[in-house]
1. Being of a type in the set (Phe, Trp, Tyr), buried (at least 24 other Cβ atoms within 10 Å of the Cβ) and either touching a strand residue (DSSP E or B) at 6+ places or on another chain (Cβ under 8 Å) or closer than 21 Å to Gly372 by Cα (or both) narrows it down to one residue among Phe138, Phe220, Phe149; which is it?
2. As an exercise: evaluate Asp130 against (1) outside any strand (DSSP E or B); (2) open to solvent by 10 Å² or more (accessible area, probe 1.4 Å); (3) out of contact with any Lys or Arg (no Cβ under 7 Å at 6 or more places or on another chain) and give the number of the one condition it does not meet.
3. Is it true that some residue in region 147-160 is under 30 Å from Gln240 (Cβ atoms), modelled with pLDDT under 95, part of a loop (DSSP other than H, G, I, E, B) and charged (D, E, K, R)?
4. Can you tell me which residue in region 394-444 is farthest from the chain's Cα centre (by Cα), limited to those that are part of a helix (DSSP H, G or I) and hydrophobic (A, V, I, L, M, F, W, C)?
5. Please specify each residue of region 195-217 satisfying the condition of being farther than 13 Å from Phe330 by Cα, among the small types (Gly, Ala, Ser) and either open to solvent by 20 Å² or more (accessible area, probe 1.4 Å) or touching a helix residue (DSSP H, G or I) at 6+ places or on another chain (Cβ under 8 Å) (or both).
6. Does any residue in region 56-68 that is assigned to a loop (DSSP other than H, G, I, E, B) come within less than 6 Å, Cβ to Cβ, of a residue that is modelled with pLDDT under 95 six or more places away or on a different chain, and which pairs are these?
7. Which residue is modelled with the highest pLDDT, if the candidates are limited to region 1-15 and must be more than 14 Å from Leu424 (Cβ to Cβ) and not in a strand (DSSP E or B)?
8. Just to verify a result, which residue in region 317-355, among those that are open to solvent by 40 Å² or more (accessible area, probe 1.4 Å) and among the hydrophobic types (A, V, I, L, M, F, W, C), is modelled with the highest pLDDT?
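The values are calculated or read from the model by the stated rules, or taken from the named source; none is laboratory data. Since the model is a prediction, treat every value here as computed from it, not as a measurement. No Cβ is skipped: glycine too gets one built from the backbone with ideal geometry, and neighbour counts run over all protein chains shown. With ligands, DNA and RNA removed, areas are computed over all heavy atoms of the protein, side chains included. Shrake-Rupley method; radii C 1.70, N 1.55, O 1.52, S 1.80 Å.
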Amino acid sequence: MVKSASSPISIYALGGLGEVGKNMYCLETDESILIIDSGVRFPGTDYPGVDYIIPDFSHLKNNRSKIRALLITHGHEDHIGSIPFLVQSVKIPVIYAPRLAAAMIRQKLEDFKVTTSVNIIEYDENTILDIDAFHVTFFRVTHSIPDSFGICIDTNEGRIVTTGDFKVDLTPIGRDIDLGTMARLGTEGVDLVLSDSTNAESEGYTPSEKNVLASIQEIFDNASGRLIVATFASNISRIQQIVSVANDRNKKVCILGRSMENAVQISRNFGYIHIKDDCLIQPEELKQYKPYETVLLCTGSQGESMSALSRIANGENKDVKIIPGDTVIFSSSAIPGNGVLIDKVVNTLTRSGASVITNSILSDIHSSGHPGKQELRLVLKLLKPRYFMPVHGEYRMLKTHAELAATVGVPYENTFICDNGDVLELKNHKVTRGYSVEHGNTYIDGSDINGLAETVINDRKVLTEEGMLSIAIAIDPKTNELIVPPVLSSKGLMFSTKTKDMNECRDLVEKKVRELLSRKTNFSELKSEMKYVASEYIYRKTHRSPMVIPIIMSKNDD
């Protein structure tokens with residue numbers, strides 16, 4: 001029984017809008033908050049040294065007493081990846097997750113050595129939850145990982161449906177999408193739909209996962225040497241197809257990469273991946289077989305620097321080296337921003353003598369898990385929402401999805417293209433724009449839950465793009481005199497500290513320091529002026545703005 005809500009239902013995202021990844025959506029009343037998903041975004045080359053980008057949890061911390069539950073739609077990293085950081089930041093009373101996602105979350109908490117007690121309860125399509133003002137039911141969808149669900153949330157103010165990640169795959173690897181439940185919900189009445197926008201720019205239908213099978217079989221049959229296949233560890237359907245084809249051709253399968261090992265083991269335990277024990281071998285056993293008798297299944301399809309494939313390409317894996325005749329398959333599409341990383345790995349593999357196959361019109365080795373325009377139209381036709389909020393995508397994807405909704409009966413004025421933090425309010429079956437909540441990014445380096453400050457990220461970008469100059473001086477605070485001339489040290493600049501230009505820079509800094517020491521000054525002023533003089537000179541000479549680090553040493557220092 002749903003409790004009466006004395007306030008509008010606020011709907012907002014702390015991640016997932018204007019970006020692909022970091023999904024976190026919230027429903028809030030005066031008394032409670034229901035969270036849907038808690039994901040990460042992988043940083044690509046724009047954020048040096050950053051392992052994950054996760055939502056800023058400040059709003060949740062400030063309203064921690066209202067948090068009632070976290071609902072998980074499926075087990076992909078962009079939907080569960082930030083859970084270890086979330087549960088250490090605020091108390092999550094309970095996490096409701098599908099069976100496979102629940103197992104992956106437990107493994108993730110163990111990997112991150114999370115000691116916080118976490119209550120994880122599994123759900124399926126028959127589960128019904130009453131959580132304060134929210135009556136929650138679930139329906140199955142097809143995606144690139146088993147146990148994927150959409151969620152229907154009924155309140156006294158209206159009905160909200162989120163599709164989760166999905167595609168309308170009529171010949172899936174696994175369970176069918178529950179179009180019947182979607183149609184029933186639409187007939188009963190849906191006030192607001194939140195729907196996946198990742199492939200909203202692609203006309204037609206996303207090809208079935210089974211379409212990939214023929215391409216995989218052809219590649220296996222034509223490869224004369226060893227096969228190395230890189231894909232997402234969480235793409236369970238793809239992994240099952242690869243191991244099935246390998247088994248049919250009497251090839252041994254070697255799993256590389258911790259996340260791939262965990263995903264395969266969990267999926268085998270639950271019956272989502274079928275492969276006999278004698279078909280699996282360890283990396284150190286590879287030398288016992290001829291190259292054409294083996295298939296390596298590994299992480300690294302996005303060019304991640306620490307992934308199994310990158311380590312193989314760079315010669316850092318003690319058991320696996322690229323040899324001429326190897327065929328490397330990238331069975332995934334590039335996440336926006338990762339193209340440079342992937343190209344780097346492809347070039348390194350090719351230089352080592354491997355033949356590299358990526359997804360193209362000539363080699364259909366990947367099928368997206370997200371819906372094309374016709375599938376989006378179909379789902380909107382079934383759900384028949386009064387109001388629509390496109391989610392899970394960059395701005396242009398959200399806009400395209402909104403325009404598409406208008407062509408199938410959702411008035412454009414009833415469609416809301418939101419940014420993270422923007423709030424919609426559902427009251428008496430009507431949706432309007434509301435206030436904004438605190439939001440942003442938290443940059444994770446290692447396992448520190450506090451993340452890096454934006455200033456640290458900016459400093460890293462400056463160091464990467466502009467270089468660094470340090471200026472050290474020694475003074476006698478008693479006499480207010482410069483003991484030795486400034487010592488300059490540079491990294492990544494266009495000229496070294498031994499050039500004429502750098503000598504001129506040193507002379508200008510020394511002149512300014514002596515001028516300041518001739519009167520009353522302080523360390524703060526000295527550092528500021530040293531930084532200004534050097535920065536101005538270097539920009540005038542090079543049009544670059546390196547990080548300038550002034551260092552002042554006192555004669556009385558130890």
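1. Details: Phe138 fails: buried (at least 24 other Cβ atoms within 10 Å of the Cβ); Phe220 fails: buried (at least 24 other Cβ atoms within 10 Å of the Cβ).
Exactly one residue qualifies, and that residue is Phe149.
2. Just one mismatch for Asp130, condition (1).
3. Yes, region 147-160 has at least one match.
4. The initial filter retains those residues of region 394-444 that are part of a helix (DSSP H, G or I), namely 395-407, 412-414.
Going one step further and asking which of them are hydrophobic (A, V, I, L, M, F, W, C), we end up with 397-398, 402, 404-406.
Values: Met397: 17, Leu398: 18, Ala402: 24, Leu404: 26, Ala405: 27, Ala406: 30 Å.
Filtering region 394-444 for residues that are part of a helix (DSSP H, G or I) and hydrophobic (A, V, I, L, M, F, W, C), the one farthest from the chain's Cα centre (by Cα) comes out as Ala406.
5. Keep residues of region 195-217 that are farther than 13 Å from Phe330 by Cα, which gives 195-211, 213-214, 217.
Retained after the next criterion (residues that are among the small types (Gly, Ala, Ser)): 195, 197, 200, 202, 204, 208, 214.
Within region 195-217, Ser195, Ser197, Ala200, Ser202, Gly204, Ala214 qualify.
6. Final answer for the pair search is Asp56/His439; Asp56/Gly440; Asp56/Thr442; Phe57/Ser89.
7. The residue in question is Ser6.
8. This residue is Ile323.
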